[in-house]
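In what follows, a structure is listed as structure tokens, so that the remarks can point back to it.
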Amino acid sequence: MAEAGTGFLEQLKSCIVWSWTYLWTLWFFIMLFLVYILRVPLKINDNLTTVSMFLNTLTPKFYVALTGTSSLISGLILIFEWWYFRKYGTSFIEQVSVSHLRPLLGGVDNSAPSAASATGGDADSNRQSVSECKVWRNPLNLFRGAEYNRYTWVTGREPLTYYDMNLSAQDHQTFFTCDTDHLRPADAIMQKAWRERNPQARISAAHEALELNECATAYILLAEEEATTIVEAEKLFKQALKAGEGCYRRSQQLQHHGAQYEAQHRRDTNVLVYIKRRLAMCARKLGRTREAVKMMRDLMKEFPLLSMFNIHENLLEALLELQAYADVQAVLAKYDDISLPKSATICYTAALLKARAVSDKFSPEAASRRGLSTAEMNAVEAIHRAVEFNPHVPKYLLEMKSLILPPEHILKRGDSEAIAYAFFHLQHWKRVEGALNLLHCTWEGTFRMIPYPLEKGHLFYPYPICTETADRELLPSFHEVSVYPKKELPFFILFTAGLCSFTAMLALLTHQFPELMGVFAKAFLSTLFAPLNFVMEKVESILPSSLWHQLTRI
């Protein structure tokens, strides 16, 4: 019985919701008809006469106060809506309407789909969304002590967010620790140090670990956070390399003796690769670019399977500095493959090489007259491909937006990746004559090929909608995050802006010209209610005036 009663109530509720959803016009006319029928017992005419007499006795000051108050309230709503939109990227009123009012009116709640309605396509799209919004370690990240901290000392601003540093702490625990660290006192101290939030506490723990043993991870922490120059960091990394190679050789001999030894060897491999890559970056920063290229090539040959560090992106940047464009093309031929994940470095470096072949003689006027040659068409298509992958980069390369220090983690296709790429590669675009001019003339043409980037892409997947939220977490608050596609102002912001302006204008006019505005208001109201009065007269001429009395007799 209880189940039958519950089912009946649910069916009744669904019928009412359906009627409000599809038959609201009929309900509206029924309500109007009832109001008309009940106008005599409800004394609607008398009440309207009383209201009109009351309004006629009001002074212009009342209308000034009314319109002024309306303008103030709508202005406050406008300010709040604008602040909410700038911070969260959506309208507060619209969000409340969709989240709370729509389910009450029979709308579908998309935020909680049932398990039965989840199809394979939905699961695939969810997995794609998660993979697209994955945060990656920046392969060209700077040194905290020698670069990030120096920026803080000079400007007083923090270039790294808490979210970014927390991701780095998780990376360090993943790469530099293993389950057997508690068996070695120095490694046990470093295991706690990587979890420590206070930088001074981490540095103190690293010194404590070095007092016990030559610990490679302790040298890494000191090189990253305590060294104030790249030269000091390089010295510490060389000491770390000496200690790391010894640990790597020992664990390599024991890696097949059990799961614990295998985990320790994996940790020692990560430590050794990290040290060698950072040493190569130190050589690159100190001007020894050829030495850095050799170290990166050797590292990629020695550990070809460790692609998580993206060492090829460091190699591409160093080769561009040497202007070894043939070697750059060879690296791109290996990594710019359809089966491998793309990056801004891959796409824009490929575009730069193709632009280099035509940019020195490119003229937009000449191209418009004679059309694009095959080489120019290839360069333009490469630029369009790069812009589709990451549309935020051109504004930084063309210096339409100011650069900041890149974060330690980036979001592919997001503003954080664009900053990281332009920070290191802007000089390479400037070195190629005419490359930035070609980019300036052609990059905006990409958006004509993808009018709905969130729904359908041209050469890549649709642009992910999560980039803005993730970039706001990765980038400091003083940076204005680049948003793509550009969001239009919500309807309620435009509506409240118009309402605020209109009511403010009415308040001003009523205060300055009270009599004229009174005449205008009466004329406007009479014109507004003229169709309604006409309909009422026609209805009264058709229906008998004693209809209510006849209904009461029945």
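The values are calculated or read from the model by the stated rules, or taken from the named source; none is laboratory data. What you see is a predicted model; the values in this text were computed from it and never measured. Every residue, glycine as well, gets a Cβ built from its backbone with ideal geometry; the counts of neighbours run over all protein chains shown. SASA here: full protein model, heavy atoms, side chains in, ligands and nucleic acids out. Shrake-Rupley method; radii C 1.70, N 1.55, O 1.52, S 1.80 Å.
Of the residues making up the stretch 325-336, those that are out of contact with any helix residue (DSSP H, G or I) (no Cβ under 8 Å at 6 or more places or on another chain) and open to solvent by less than 60 Å² (accessible area, probe 1.4 Å) number 0.
I'd like to know if the stretch 284-301 contains one or more residues that are over 34 Å from the mean Cα position of the chain (by Cα), among the charged types (D, E, K, R) and assigned to a loop (DSSP other than H, G, I, E, B). Within the stretch 284-301, one or more residues are over 34 Å from the mean Cα position of the chain (by Cα), among the charged types (D, E, K, R) and assigned to a loop (DSSP other than H, G, I, E, B). For the stretch 395-404, check the following and say yes or no: at least one residue is among the small types (Gly, Ala, Ser) and closer than 30 Å to HIS172 by Cα. No, because not a single residue in the stretch 395-404 is among the small types (Gly, Ala, Ser) and closer than 30 Å to HIS172 by Cα.
Report, by residue number, each residue of the stretch 435-451 that is closer than 14 Å to PRO391 by Cβ and surrounded by fewer than 20 Cβ atoms within 10 Å (Cβ to Cβ). Working first, answer last.
Step one: list which residues in the stretch 435-451 are closer than 14 Å to PRO391 by Cβ, which gives 439, 442-451.
The answer is GLU444, GLY445, PHE447, ARG448, MET449, PRO451.
So is LEU353 open to solvent by less than 60 Å² (accessible area, probe 1.4 Å) and more than 29 Å from GLU455 (Cβ to Cβ) or not? Walk me through it before giving the result.
Details: open to solvent by less than 60 Å² (accessible area, probe 1.4 Å): yes; more than 29 Å from GLU455 (Cβ to Cβ): yes.
So LEU353 passes the test.
Checked against the criterion of being within 21 Å of ARG250 (Cα to Cα), of a type in the set (A, V, I, L, M, F, W, C) and assigned to a helix (DSSP H, G or I), the candidates LEU272, LEU332 yield just one match: LEU272.
Restricting attention to the stretch 213-269, the residues that are farther than 30 Å from GLU147 by Cα and open to solvent by less than 50 Å² (accessible area, probe 1.4 Å) add up to 6. Residues in the stretch 175-208 that are within 22 Å of HIS409 (Cβ to Cβ) and touching a residue at least 60 places away in the same chain (Cβ under 8 Å): PHE175, PHE176, THR177. In the condition set (1) of a type in the set (Gly, Ala, Ser); (2) open to solvent by less than 10 Å² (accessible area, probe 1.4 Å); (3) touching a Leu at 6+ places or on another chain (Cβ under 8 Å), ALA344 is compliant with all but (3). Just a yes or no: is a residue in the stretch 396-409 open to solvent by 20 Å² or more (accessible area, probe 1.4 Å), in contact with a Leu (Cβ under 8 Å, 6 or more places away or on another chain) and β-branched (Val, Ile, Thr)? Yes.
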